[in-house]
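Peer 1: Once you've had a glance at the structure underneath, I'll fire off some questions.
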Amino acid sequence: MKKFLLRIFIIFLIIFIQINFLDLIFLKNNLVNLSILTVIAWIIVSGFDKMWRWIVLLGFFNDIFLAEKIGPNILFFVLSAYLISFVSKSFMIERRWSGFLLVVIFILVGNFMGSIFNILFINSNMFSEVLLYTIKDYFINWNTFIVANIISGISFFIIYTFVNKIEKYIARSENRLNISF
Amino acid sequence: MPVKKITSKKIFKVTAVCILATLLILWNPNNFFNGTRTFFVGITLPVQKLFSSLANRTYSFGEAISSIGKIKKENKNLMEENLRLKAQNVKVADVMKENEGLRSQLNISSQEGFNLESARIIGRDIYNNNSWILIDKGKRNGLEKGMSVIVADGILVGKVEEVFDSTARVIFITEKLMNINVETVETGAVGVARGNYGLGLTMDLVLQTDNLKIGDRVITSDISQDVPRGLLVGEIREIDLAKNELFQKAIIAPPVDFFKLRFVFVIKNYNN
């Protein structure tokens with residue numbers, strides 16, 4: 001029960017910080033997508049097998065609170081989680097520098113793909129126009145691109161530390177329960 | 001291979017979830033999930049309001065910090081303006097009378113005829129398009145789908161798209177799905193204002209015989225049944241005078257920066 005409540009708490013906290021705080025401060029640009037950063041942190045800390053159900057739930061609640069179709073975020077987060085898990089295993093994320101580099105790549109690609117994925121489902125009628133606009137926003141407006149990824153990096157560090165602490169706490173609680181049995 | 005071994009494989013889980021999510025997207029069961037959505041939005045509303053209030057304070061604080069250098073200059077300007085306003089105050093009564101006359105001549109609505117519900121913006125579209133906002137008023141406050149949303153001085157900014165118990169989603173007029181019947185104040189040219197994928201507004205379907213001028217004010221016309229007449233939509237910034245086309249087009253510059261809105265008014269009913 002404690003495990004369930006803690007992870008639900010993380011999901012709601014991330015969503016509310018995103019839609020009710022960050023998006024009201026960074027008005028003109030979507031500088032950071034906390035949900036995809038949480039997916040990355042969960043996969044690195046606990047692995048795909050342990051977290052996939054929670055990632056589905058994170059996607060579901062993103063869809064619920066964003067008031068769009070139900071499904072796009074579930075699809076995006078689960079696919080991202082699988083790819084992150086696959087790449088992490090193949091390229092030894094445990095090694096300090098390669099791990100760091102991979103995380104940076106995950107953040108960059110995750111942010112960009114998040115925007116592209118949403119165009120597919122939100123602006124699907126005018127896919128090419130909005131896609132061009134988004135690509136322009138990412139690769140031509142370098143200031144926004146750099147600021148967005150710096151903020152994402154800082155946010156990831158905070159989320160990773162937070163998620164890591166909570167997952168360790170959950171693991172300790174589970175071990176204690178096993179011992180007492 | 002045993003069934004349990006197959007189902008426990010990572011690729012099986014991913015495929016199953018992807019198929020399910022794709023079916024949900026294609027089926028698009030918005031009504032099916034409306035109850036769930038209303039429930040979660042309702043029970044978390046106080047927390048959402050808390051976060052949005054924190055965001056507003058943080059934003060104001062940031063703006064205050066960044067404008068410290070300007071404050072001294074602004075203070076001087078304000079003092080000068082104050083003196084000028086005192087002098088102008090004497091003429092206000094006359095101006096108000098003239099204003100009433102002009103409003104009736106130009107058919108621009110004043111807010112007096114509207115039953116307005118003020119609302120605070122508590123959420124925003126998280127993607128770059130900035131196509132919608134979430135406001136802190138809903139069914140409980142008498143809001144309904146299709147109601148017009150304005151800011152001060154009768155400037156149209158959007159329409160209520162989806163109503164929950166205590167919140168509502170408002171789509172901006174710059175969104176691609178929006179079509180509003182409009183006319184220009186100065187020349188009376190009629191057309192349709194269309195959203196430009198969150199990037200701006202275009203006035204379309206204007207007859208070649210109608211006269212458009214840069215700087216003309218564009219207001220809502222009385223052809224739209226659900227939008228009150230006379231709400232300001234914007235000013236014409238650019239005209240596309242393609243002679244071989246059946247209709248003229250113009251780009252409308254909205255008078256407000258939609259990104260900076262904090263409060264809006266929903267028109268619950270009105271007398272045209």
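Peer 1: Which of the peptides A:17-23, B:48-54 is most tightly packed, and how do the rest follow, going by the mean number of other Cβ atoms within 10 Å of each residue?
Peer 2: On the way: A:17-23: 23.0, B:48-54: 18.7.
Most protected by this proxy first, the peptides run A:17-23, B:48-54.
Peer 1: Once you average over the residues of B:51-62, how many Cβ atoms of partner chains fall within 10 Å of each Cβ?
Peer 2: If you average over the peptide's residues, the count of other-chain Cβ atoms is 4.
Peer 1: Counting Lys and Arg as +1 and Asp and Glu as -1, what is the net charge of the other residues whose Cβ lies under 11 Å from the Cβ of B:Leu261?
Peer 2: Values: positive: B:Arg120, B:Arg124, B:Lys260, B:Arg262; negative: B:Asp257.
Here the charged neighbours net out to +3.
Peer 1: Per-residue Cβ counts within 10 Å, from other chains only, averaged over A:78-84: what number is that?
Peer 2: Numbers: counts 8, 4, 0, 3, 7, 1, 0.
Shielding by partners across A:78-84 averages 3.
Peer 1: Over the whole of B:10-18, what's the average partner chain Cβ count within 10 Å per residue? Rounded to a whole number, please. Numbers along the way, then the final one.
Peer 2: Numbers: counts 8, 2, 0, 7, 9, 2, 1, 12, 6.
Mean partner shielding for this stretch: 5.
Peer 1: What ranking, highest mean first, results for peptides A:35-45, A:152-162 when packing means the other Cβ atoms within 10 Å averaged over each residue?
Peer 2: A:35-45, A:152-162
Peer 1: Quick one: Debye curve from the C-alpha atoms of region B:117-198, no solvent, what's log10 I(q)/I(0) at q = 0.19, 0.27 Å⁻¹?
Peer 2: Log10 of I(q)/I(0), two decimals: -0.84, -1.32.
Peer 1: Around B:Leu45, what is the net charge, scoring Lys/Arg as +1 and Asp/Glu as -1 over all other residues with Cβ under 13 Å from its Cβ? List each step's numbers first, then the result.
Peer 2: Details: positive: B:Arg37, B:Lys49, B:Arg120, B:Lys137, B:Lys139, B:Arg140; negative: B:Asp136, B:Asp165.
Computed value for this residue: +4.
Values quoted throughout were computed directly from the atomic coordinates according to the rules given, and no laboratory measurement underlies them. These numbers were taken from a predicted model, which means no experiment stands behind them. In this analysis, Cβ positions are derived from the backbone assuming ideal geometry, glycine residues included, and neighbour counts consider all displayed protein chains.
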